[in-house]
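Scroll down for the structure; my scribbles are underneath it.
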Amino acid sequence: MKRKIYQQLIDWKLVSNGKSALLIEGARRIGKSYIVEQFAKQEYKSYVLIDFNNVKTEIKNLFLNYLTDLDTLFQLLSLHTNVQLYPRESVIIFDEVQQFPPARAAIKYLVADGRYDYIETGSLISIKKNVKNIVIPSEEQHLSMYPMDFEEFLWAMGEHALSNYIRECFTKRQPVGTLHRKTMELFRLYLIIGGMPQAVSTYIGTHDFRQVESVKQAILQLYRSDIHKYATGSETKAAAVFEAIPSQLQLHENRFVLTDLEPTARYRNYESAFFWLSDSRIVNIAYNTFAPTIGLNMNTERCTLRCYMADTGLLVSLAFSERGQMPAEVYERLLHDKLEVNLGMVMENVVAQMLAAAGNRLFFYNHVDRDDASNDMEIDFLITKSHITSRKNISPIEVKSSTHFTTTSLNKCMNKFSQTIGGAFVLHTNDVKIEGDISYLPLYMAGLL
């Protein structure tokens with residue numbers, strides 16, 4: 001499957017030229033290993049792939065015993081893997097490097113040697129267990145990877161021309177026209193399947209929602225197991241937050257309500273649970289900002305947050321699988337918009353997912369005036385322009401899941417912060433429309449912002 005990160009891998013290879021290793025971080029099962037191996041096959045003369053989930057002790061010992069004798073290390077590595085290594089034409093891949101921290105620590109010496117390129121992939125990279133007793137190499141260049149966004153989903157479905165046309169319409173701010181309905185149908189399919197490559201591949205190969213659901217349930221179970229295995233000291237709380245995400249989003253509250261989990265819950269008691277879930281890339285966290293101005297991260301209320309699933313397809317399965325499996329009939333009803341349920345939480349989650357994949361940190365704005373309710377405002381997301389200017393660098397985003405809606409909060413926010421807010425966006429189910437400083441865009445264009 002074609003992934004956008006491939007071009008970033010090429011850019012790293014050209015710019016780094018062996019001066020840094022590349023560490024690709026991301027949640028489990030998003031395709032890190034696959035895309036890196038495809039890159040190695042196509043861009044190098046040879047490659048060695050070391051999967052630290054399943055590697056011989058002899059190979060592990062090479063990094064423990066021969067760091068001061070790299071000639072011997074490379075010779076033995078080549079013999080053990082039966083791969084000929086070529087200076088500046090071979091790459092060595094440390095897959096799931098968090099499973100063997102000494103290999104990650106060795107990057108400092110391997111990069112300094114300069115003979116080969118190095119790519120590391122991993123999940124849960126920074127949890128204490130995986131960095132204990134090692135010095136984190138400064139020679140690492142980090143790259144984040146996410147589940148497939150809608151554009152990548154279109155590529156997988158063979159809709160390259162449609163993808164290019166949507167991007168052109170976004171750039172020109174022109175209506176998609178007769179293709180809007182088809183695109184929305186594909187977008188709804190993306191919502192329920194999600195962006196986990198195995199789920200997408202299963203659908204393309206079978207068109208069987210039951211098999212897709214089995215794949216997603218296996219991934220959810222893997223995440224649950226990771227929580228109980230690795231979220232040391234926060235297992236119970238992290239598991240409670242994870243399972244509560246659908247109900248919390250459905251409430252449309254301005255924050256994650258911890259007292260729904262336990263009456264005496266406080267953020268300080270759950271902070272490590274949220275951090276672990278975010279660090280594992282299982283969730284995307286959005287923080288409330290009290291001033292929608294440049295430097296959003298400086299104006300955040302860390303204890304007021306919203307928690308989204310990193311993949312919306314997994315959210316749908318988590319929300320609707322009452323007996324451990326979401327029925328295929330529910331897939332069909334969701335696909336044709338015939339399920340009697342408010343899908344606002346799903347739409348908001350997929351926007352969060354696509355904004356994060358596009359490189360945006362997630363912030364929202366919620367203001368409650370205790371003296372005058374007419375001053376209350378709630379903005380779903382705030383993003384910063386990619387190119388900072390002298391003023392008007394913040395864009396508010398409202399997500400609308402129905403065809404009938406108002407923009408009261410958005411209008412009040414734009415009026416109050418007219419000096420700092422530039423163009424605003426409303427993401428909805430209809431086609432492109434421009435009214436003043438507000439761009440009304442189809443939900444499927446969220447990843448282009």
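The values are calculated or read from the model by the stated rules, or taken from the named source; none is laboratory data. These numbers were taken from a predicted model, which means no experiment stands behind them. Cβ coordinates were reconstructed from backbone atoms using ideal geometry, including for glycine residues, and neighbour counts include every protein chain displayed.
Assessment of the stretch 296-314 against the conditions (farther than 23 Å from HIS428 by Cβ, at pLDDT below 95 and of a type in the set (Val, Ile, Thr)) yields at least one matching residue. Count of the stretch 390-410 residues, restricted to those that are surrounded by 15 or more Cβ atoms within 10 Å (Cβ to Cβ) and not acidic (Asp, Glu), is 12.
Yes or no, residue by residue, for (1) aromatic (Phe, Trp, Tyr); (2) assigned to a loop (DSSP other than H, G, I, E, B); (3) under 30 Å from GLU329 (Cα atoms):
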residue: GLU348; (1), (2), (3): no, no, yes
residue: MET354; (1), (2), (3): no, no, yes
residue: ARG370; (1), (2), (3): no, yes, no
residue: GLU378; (1), (2), (3): no, no, no
residue: ILE397; (1), (2), (3): no, no, no
residue: PHE405; (1), (2), (3): yes, yes, yes
residue: SER409; (1), (2), (3): no, no, no
residue: SER418; (1), (2), (3): no, yes, no
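Figure legend. Inter-residue proximity from the stretch 44-65: first residues farther than 11 Å from LEU77 by Cα, second residues among the acidic types (Asp, Glu) and buried (at least 19 other Cβ atoms within 10 Å of the Cβ), beta-carbon distance below 6 Å, spacing 6+ or different chains. Indicated pairs: ASP51/ASP95; PHE52/GLU96; ASN53/GLU96. Got a sec? Which of ILE193, ILE166, ILE136 is assigned by TED's automatic domain parsing to the domain that holds ALA27, of a type in the set (A, V, I, L, M, F, W, C) and at negative phi? Of the residues listed, the single one that is assigned by TED's automatic domain parsing to the domain that holds ALA27, of a type in the set (A, V, I, L, M, F, W, C) and at negative phi is ILE136. Name the residues in the stretch 394-404 that are at pLDDT 90 or above and either in contact with a Pro (Cβ under 8 Å, 6 or more places away or on another chain) or not β-branched (Val, Ile, Thr) (or both), would you? ILE394, SER395, PRO396, GLU398, LYS400, listed by residue number. Filter the stretch 248-258 down to the residues that are loosely packed, with under 14 Cβ neighbours inside 10 Å and either touching a residue at least 40 places away in the same chain (Cβ under 8 Å) or under 17 Å from THR312 (Cβ atoms) (or both) and list them by number. Across the stretch 248-258, the qualifying residue is only HIS252.
Residue by residue, here is whether (1) loosely packed, with under 14 Cβ neighbours inside 10 Å; (2) in a loop (DSSP other than H, G, I, E, B); (3) within 18 Å of the chain's Cα centre (by Cα) holds:
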| site | (1), (2), (3) |
| --- | --- |
| GLN84 | yes, yes, no |
| GLN98 | no, no, no |
| ILE107 | no, no, no |
| LEU110 | no, no, no |
| ASN130 | no, no, no |
| GLU152 | no, no, yes |
| TYR165 | no, no, no |
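Okay, residues lined up against (1) modelled with pLDDT of 85 or more; (2) more than 17 Å from the chain's Cα centre (by Cα); (3) closer than 17 Å to ARG306 by Cβ; (4) surrounded by fewer than 16 Cβ atoms within 10 Å (Cβ to Cβ):
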residue: GLU340; (1), (2), (3), (4): no, yes, no, yes
residue: MET377; (1), (2), (3), (4): yes, yes, yes, no
residue: HIS387; (1), (2), (3), (4): no, yes, no, yes
residue: MET445; (1), (2), (3), (4): yes, no, no, no
residue: LEU449; (1), (2), (3), (4): yes, no, no, no
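None of LEU73, LEU67, LEU62, LEU77 is within 30 Å of GLN7 (Cβ to Cβ) and of a type in the set (A, V, I, L, M, F, W, C) except LEU77. Of all residues in the stretch 215-243, which are more than 19 Å from the chain's Cα centre (by Cα), part of a helix (DSSP H, G or I) and surrounded by 15 or more Cβ atoms within 10 Å (Cβ to Cβ)? Result: TYR230, GLU235, LYS237, ALA239, ALA240. In the stretch 346-355, the count of residues that are surrounded by fewer than 17 Cβ atoms within 10 Å (Cβ to Cβ) and not small (Gly, Ala, Ser) is zero.
Okay, residues lined up against (1) among the basic types (Lys, Arg); (2) without any contact (Cβ under 8 Å) to a residue 24 or more places away in the chain:
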residue	(1), (2)
CYS307	no, no
ARG333	yes, yes
MET354	no, no
HIS387	no, yes
SER390	no, yes
LEU410	no, no
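For the stretch 146-156, the criterion of a residue being in contact (Cβ under 8 Å) with a residue 24 or more places away in the chain, within 22 Å of VAL48 (Cβ to Cβ) and either among the hydrophobic types (A, V, I, L, M, F, W, C) or not assigned by TED's automatic domain parsing to the domain that holds LYS13 (or both) is satisfied by no position.
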